[in-house]
Amino acid sequence: MATEHSRSSARIMIAPAVFVLLVWMLVPLCMTLYFSFADYRPMRATFDAWIGFDNYVSFLTSSSFLSSLGTTLLMVGGILIITITGGIGLALLLDQPMFGQGIVRILVIAPFFVMPTVSALVWKNMFFNVDNGLFSYLFKFFGAQPYDFLSQSPLLSIVVIVAWQWLPFATLILLTAVQSLSSEQLEAAEMDGAPPIARFWYMILPHLSRAITVVILIQTIFLLSIFAEIFVTTNGAFGTRTLTYLVYQRVLESQNIGLGSAGGIVAVILANIVAIFLMRIVGKNLDN
Amino acid sequence: MGRITLDKVQKKFRDVEVIPPLDLTVEDGEFVVFVGPSGCGKSTLLRLIAGLEDVSGGEIRIDGKPATDLPPAKRGLAMVFQSYALYPHMSVRKNIAFPMKMAGMDQAEQDRRIAKAAEALNLTDYLDRRPGQLSGGQRQRVAIGRAIVREPAAFLFDEPLSNLDAALRVGMRMEISELHSTLKTTMIYVTHDQVEAMTMADKIVVLRAGNIEQVGSPLELYRAPRNTFVAGFIGSPKMNLMHGAAAARHDATTIGIRPEHLDVVETGGTFTCKVGVSEHLGSDTFFHVHIPEMDEPMTVRAGGEVGLRHGDTIHLEPQADKIHRFDARGLRIA
Ligand SMILES: Nc1ncnc2c1ncn2[C@@H]1O[C@H](COP(=O)(O)OP(=O)(O)O)[C@@H](O)[C@H]1O
Ligand SMILES: [Mg+2]
């Protein structure tokens with residue numbers, strides 16, 4: 001897109017898509033914004049269209065807001081750490097020539113195709129269940145006391161479930177990045193006397209930095225809205241209430257649509273701040 | 001010191017034998033060029049010496065010590081790759097320092113060697129740039145700089161000039177030759193370009209399909225090619241190889257005459273033919289003529305100002321002592 005002409009025709013071409021996306025997003029956003037300034041509790045049949053910033057004040061000052069923010073950060077951070085380190089490890093492993101490479105790669109990608117609700121239920125009932133879970137059998141096999149993951153360390157359990165789902169994505173992106181590293185560069189480093197760890201640290205990791213920032217950006221945006229995994233496992237109990245889940249509880253459990261909407265808007269603003277921040281980092285990384 | 005000996009070294013990829021068992025000695029301080037057509041196994045042979053590929057058989061010795069099972073880093077050799085293989089996220093300084101850093105050399109010594117190499121390679125002003133901000137020729141020099149700071153026993157070059165344009169290539173050719181005469185370190189240089197081989201080498205190794213066809217100094221190969229392959233490969237433009245009656249007159253299956261050894265004569269001459277396409281280079285003129293003894297046109301070198309036109313009839317006489325004779329197997333008849 002170099003000339004004035006091609007630029008303007010490009011704009012016309014993408015206009016329909018932009019229009020649909022805008023309507024798709026703007027209508028719910030405007031409604032949420034509208035409700036967030038209203039006292040709207042359908043069960044009690046209250047509707048007061050304008051109460052100013054009351055909803056925001058009570059949402060932001062409640063103790064559950066700060067704790068949910070902390071939970072969200074812990075959850076997203078934990079998942080990012082597991083998927084990035086695991087993804088790099090798997091990508092390096094899958095890059096090695098081996099028998100049945102194609103099939104192994106498809107198997108590694110498989111978790112990505114399982115719906116969040118399904119995978120959370122599978123983990124909850126098949127692995128984490130105290131009485132019949134596979135982990136319990138494993139613990140018993142080694143003569144240990146079965147561990148109730150979901151009530152003893154619920155946050156970690158959810159992090160594991162979601163990380164399992166997102167690991168394939170990270171692996172796939174990082175694998176393509178690993179494969180694009182020129183083998184001559186690694187050979188040059190080998191001749192320069194760099195042992196494998198130095199080659200990883202000085203050649204492979206800097207080469208992957210771009211892909212890693214992209215993975216972090218995309219995953220963060222999706223992970224901020226984790227819901228199904230919390231819903232089917234802990235229902236937000238035991239310190240697994242994220243910001244998204246708090247909004248859900250305000251709206252549906254407390255039936256306070258006004259308060260929930262205010263929470264929703266706060267979540268949108270925070271997510272945008274994170275997104276802008278991440279975009280800048282990625283942009284900087286993509287430049288050079 | 002850098003004396004490299006290959007003893008029955010062989011390389012197979014699965015069942016394909018790329019390098020049949022081969023013996024070769026590279027003397028200390030020699031500039032050896034491996035030359036041959038693309039795909040003949042030059043890079044493979046160089047990588048075997050570097051240790052980037054395992055040999056399928058035979059032994060490699062460096063300075064008399066067995067090196068066959070040594071990892072690349074332990075062989076004390078430095079390699080310059082065709083793609084330069086610079087580290088893109090490091091500055092030029094860090095690129096050059098990398099092998100020394102890996103060797104755990106102290107900082108003062110590193111700085112001294114970097115300064116010396118940068119000075120010799122005209123890189124002093126570019127030390128803080130990234131490789132992506134350099135021209136092809138400068139990247140090439142960084143790759144060489146990274147190799148020389150290690151003070152290796154021998155340098156290995158794999159077609160280092162093939163990504164440069166023609167003018168730069170001539171310049172870099174001379175720089176590498178000059179580097180060799182100052183450092184006096186063994187250099188093994190791989191190329192498919194026989195001009196590079198002729199201009200730079202102390203010793204040329206001509207390879208075909210992994211086999212050594214001939215080893216010798218540039219002039220030995222030019223004067224006495226051992227077979228028709230070497231005869232056709234060394235020299236520019238190519239030697240004219242002809243069969244049939246012309247060869248039979250010299251008791252050979254094939255005879256070869258270089259374009260520069262054919263004289264244009266007034267009358268008589270061995271060949272009488274019509275002038276085809278001419279290439280005027282200023283200093284020389286190469287013209288192509290058709291003779292029945294050859295399938296391809298025969299190339300003849302004449303002076304730059306010779307007044308020959310397309311379609312003129314000329315008489316050609318080869319210089320009697322410059323005719324190369326080959327037998328039915330393509331081997332030289334002494
Ligand atoms: N890793 C490999 N696996 C299989 N065959 C290879 C490999 N590397 C090179 N070859 C084959 O070996 C032959 C020689 O290759 P190479 O040494 O790169 O040739 P050159 O450098 O002379 O052009 C080629 O036919 C090539 O296909
Ligand atoms: Mg090659």
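See the values below:
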{"read-out": "Mean projected area (nm²) of the alpha-carbon convex hull when the stretch A:149-245 is viewed from all directions", "value": "7.6 nm²"}
{"read-out": "Within chain B, longest stretch free of exposed GluC sites (Glu not before Pro) [DSSP loop, at most 13 other beta carbons within 10 Å]", "value": "B:28-265"}
{"read-out": "Counted charge near A:THR176, where neighbours are those whose Cβ lies closer than 14 Å (Asp, Glu -1; Lys, Arg +1)", "value": "+1"}
{"read-out": "Accessible area, probe 1.4 Å, largest first, for residues A:TRP201, A:TRP123, A:TRP24", "value": "A:TRP24, A:TRP201, A:TRP123"}
{"read-out": "Rounded FRET efficiency, nearest 0.05, which uses the C-beta distance separating B:SER217 from B:SER162 and R0 of 25 Å", "value": "0.60"}
{"read-out": "Cα gyration tensor, the stretch B:72-154 - rounded (a/c under 1.5), prolate or oblate", "value": "oblate"}
{"read-out": "Those residues of the stretch A:165-199 for which accessible area with every protein chain present is at least 40 Å² below the isolated value (1.4 Å probe)", "value": "A:GLU184, A:GLN185, A:GLU187, A:ALA188, A:GLU190, A:MET191, A:ASP192"}
{"read-out": "Calculated from backbone phi, Karplus (6.51, -1.76, 1.60) coupling profile of the stretch A:28-39 in Hz, x at Gly/Pro", "value": "x, 4, 5, 5, 4, 4, 4, 5, 5, 9, 10, 9"}
{"read-out": "Solvent-accessible ranking of B:THR285, B:THR68, largest area first, probe 1.4 Å", "value": "B:THR68, B:THR285"}
{"read-out": "Summed side-chain charge close to B:ARG301 - residues other than B:ARG301 whose Cβ falls under 14 Å, Lys, Arg +1, Asp, Glu -1", "value": "-3"}
{"read-out": "Antiparallel bridge percentage (DSSP; both residues within chain B; nearest 5)", "value": "70 percent"}
{"read-out": "R0 of 51 Å, Cβ-Cβ distance B:MET1-A:GLN145: FRET efficiency to nearest 0.05", "value": "0.15"}
{"read-out": "Mean separation of Cα contacts under 8 Å (6+ apart) over length of the stretch B:4-230, as relative contact order %", "value": "29 percent"}
{"read-out": "Residue-averaged [θ]222 nm for chain B, counting only DSSP H segments that reach four residues, each worth -39500 (n - 2.57)", "value": "-7500 deg cm²/dmol"}
{"read-out": "In Å², nearest 10: area of B:THR267 left accessible to a 1.4 Å probe", "value": "110 Å²"}
{"read-out": "Alpha carbon convex hull of the stretch A:54-287, volume per residue in cubic angstrom", "value": "159 Å³"}
{"read-out": "Trypsin sites (Lys or Arg not before Pro) within the stretch B:96-142: DSSP coil, no more than 15 neighbouring Cβ in 10 Å", "value": "B:ARG129"}
{"read-out": "Set B:LYS65/B:LYS94; A:LYS284/B:LYS101; B:LYS42/B:LYS65 screened for pairs whose C-alpha atoms are more than 30 Å apart", "value": "B:LYS65/B:LYS94"}
{"read-out": "Within the accessible area of chain A (1.4 Å probe), percent carbon and sulfur", "value": "73 percent"}
{"read-out": "For chain B: accessible area per residue (Å², 1.4 Å)", "value": "46 Å²"}
{"read-out": "Within the protein assembly as shown, percent of DSSP bridges classed antiparallel, to nearest 5", "value": "75 percent"}
{"read-out": "Residue-averaged [θ]222 nm for chain A, counting only DSSP H segments that reach four residues, each worth -39500 (n - 2.57)", "value": "-23000 deg cm²/dmol"}
{"read-out": "Distance between modelled label sites at B:HIS250 and A:MET43, nm, 7 Å Cα→Cβ extension", "value": "10.8 nm"}
{"read-out": "Candidates A:ILE12, A:ILE265, A:ILE51, ranked by Gaussian network fluctuation over chain A, Cα under 10 Å, top entry", "value": "A:ILE12"}
{"read-out": "Volume per residue that the Cα convex hull of the stretch A:223-281 spans, once the total is divided by residue count, Å³", "value": "78 Å³"}
{"read-out": "Highest-fluctuation residue, A:ASN132, A:ASN235, A:ASN272 considered, GNM on chain A with Cα pairs under 10 Å", "value": "A:ASN132"}
{"read-out": "Residue with peak Gaussian network fluctuation, chain B [Cα springs, cutoff 10 Å], from B:LEU281, B:LEU48, B:LEU86", "value": "B:LEU281"}
{"read-out": "Angstrom value of the Kirkwood radius, inverse mean 1/r, which spans all Cα pairs in the stretch B:4-230", "value": "18.2 Å"}
{"read-out": "For B:LYS11, distant residues with modelled amide H under 5 Å away", "value": "B:VAL18, B:ILE19, B:SER56"}
{"read-out": "Surface share of carbon and sulfur [accessible, 1.4 angstrom probe, percent] for the stretch B:124-203", "value": "48 percent"}
{"read-out": "Alpha-carbon gyration tensor eigenvalues x 5, square-rooted, for the protein assembly as shown, Å", "value": "72, 30, 24"}
{"read-out": "Interface area, A with B, accessible, probe 1.4 Å, both sides summed, Å² nearest 100", "value": "1700 Å²"}
{"read-out": "Cα extents of the stretch B:144-217 along the three principal axes, largest first (Å)", "value": "34, 30, 19"}
{"read-out": "Linear extension gain, A:TRP201 paired with A:ASP95, 0.36 nm per residue minus alpha-carbon span", "value": "36.5 nm"}
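The values are calculated or read from the model by the stated rules, or taken from the named source; none is laboratory data. Nothing here was measured: the structure is a model prediction, and the numbers come from that model. Virtual Cβ from ideal backbone geometry, glycine too; neighbours counted across all protein chains shown. Just the protein is used for accessible areas: all its heavy atoms, side chains included, with ligands, DNA and RNA removed. Shrake-Rupley method; radii C 1.70, N 1.55, O 1.52, S 1.80 Å.
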